[in-house]
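Here is the structure we will look at, set down as structure tokens.
Rule-based calculations on the coordinates, nothing more; no lab input. Everything quoted here is computed from the prediction, not taken from an experiment. Here the Cβ is made from the backbone with ideal geometry for all residues, glycine too, and neighbour counts use every protein chain on show.
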């Protein structure tokens, strides 16, 4: 088997399915490994001083030599949650071993990995990620606190503030209002992330290697991802050169090949960055704008 | 002030605290329980700068500017009261995210800076360590997922900032240079590397959560030197 691209995950998941379609269109040699079948197969990996990382995946009776992989698009999900391992400690242990072997290979291979697990880390602490982002873009004033007095003082600084999760757990960005004052004692459980509300135009930028795809999102909701009005509009747009370059640089700095960057072009002229998502569900934006993001990902695997 | 954060069962942390105290160092040991029970946890990031303050129930305050150096040995967080397992997991994630931001925002050296996936610092797979070490020019062992390669004649080297400490056998100056680069590259200013001398000093593995007591007084000296030099620079 000569060089080929490797796709790991659940093939019916839209972001993966789109890349697979593009690989077929490009006639690029590739192998798709369905994670649900993988857990019934096997994986071994190794590292040698002479040849670096290598390995073999055995699935559905086929052996796949990892040393021939040119690029990997991985959207492996939490393997312990797969129904194929439910109720069986032996299958769970086996799945753990083979995912460990795969992880060992992906973290040490010279092949292009979209994206390495280690590079996903910063997204699990938004305020930590902000410490990095602020070297590239403006960041909203952010307060992570369990102190009600600190929240009230923060609110006094800005016309409006919002709150959301600080971790990678998805939450709905919510305005902090007088109705929330009675809930402030709940901060005793854990700090909450508060931010200044920044009014402006949302722009989601997908970065794939050197390629930049920007989409403007018009929505009246505070968090357009949860705009129930059905009025949200996503359209392709161009961003200034320095913004595009900043997105590419930030993506590279985080060790990522693919990212979804949430910007807001603020009414006061700032370009504010909220988050860099290492596993973006880019397909929604591609479907609305026609931007060839999946094709760009597929090309990076060759 | 040198602040040490970790569990009371962490014998290495307690050993280091006692050793630093014997050397006349002003130290403070803070437990994870005390941090998540803080009466005030504040971490702020904006374009003007970064600031933090943690006020513990006993009145101690960990202001961002106070410690000269932090030894971070956080491994896990104590569970918080919650109405369900899902809520408990969410609270744990939120505290981890907050603590990573807090420790990463401190201006003093933190040994080691946490990651969201690992509060005590970077956790690399063994092949990842080998790959990075090899890329930096260190001769390395081989590895297989089928079982760890034995280390016939182990020789350990601690890295503390820019200082390399040979525990039993002297490594070469070149190896020391490579290890300093490795430490900076992976983000672990405190780490222990293990070589196998049986095949000409081949790098075998490393850890960013080393058994501190193995470092002995030289480790204590290096930590004091790091805390002192940063204080004088500041």
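Note on residue B:142/residue B:88: beta-carbon distance plugged into 1/(1 + (r/R0)^6) with R0 of 60 Å gives a FRET efficiency of 0.90.
Considering the zone a paramagnetic label at residue B:76 would reach in this model (a point 7 Å from Cα along the Cα-to-Cβ line), which residues of the range B:1-26 have amide N under 20 Å from it? Within reach of a label on residue B:76, which here means backbone N under 20 Å from a point 7 Å along Cα→Cβ, the range B:1-26 contributes B:5-14. Assuming a ≥ b ≥ c are the square roots of the Cα gyration tensor eigenvalues, decide whether the range B:115-163 counts as rounded (a/c under 1.5), prolate (otherwise, with a/b larger than b/c) or oblate. Oblate, since a/c reaches 1.5 and b/c is not below a/b.
The distance between label points at residue A:231 and residue B:7 comes to 5.3 nm (points 7 Å beyond Cα on the Cα→Cβ vector). Take every DSSP beta bridge whose two residues both sit in the protein assembly as shown; close to 75 percent of them are antiparallel. Inter-part distance, the range A:146-211 to the range A:52-101, computed on C-alpha centroids, equals 38 Å.
Within the range A:178-220, list the residues whose amide N lies under 19 Å from a label point set 7 Å along Cα→Cβ of residue B:135. Residues passing the 19 Å test: A:209-210. Here residue A:94 and residue B:169 are evaluated by their C-beta separation; at R0 = 45 Å the FRET efficiency comes out at 0.65. Rounded to the nearest 10 degrees, the angle from helix B:173-186 to the longest Cα principal axis of chain B is 40 degrees. Rounded to the nearest angstrom and listed largest first, the equivalent-ellipsoid semi-axes of the range B:2-67 from its Cα gyration tensor are 25, 15, 10.
How much FRET efficiency would the formula 1/(1 + (r/R0)^6) give for residue B:117 and residue A:21, where r is the Cβ-Cβ distance and R0 is 35 Å, rounded to 0.05? Calculated transfer efficiency: 0.65. The spacing between the range A:283-298 and the range B:172-187, judged by their C-alpha centroids, is 42 Å. If you take the alpha carbon atoms of chain B and fit the smallest convex hull around them, that volume is 153 Å³ per residue. With both residues required to sit in chain B, DSSP beta bridges show an antiparallel share near 70%.
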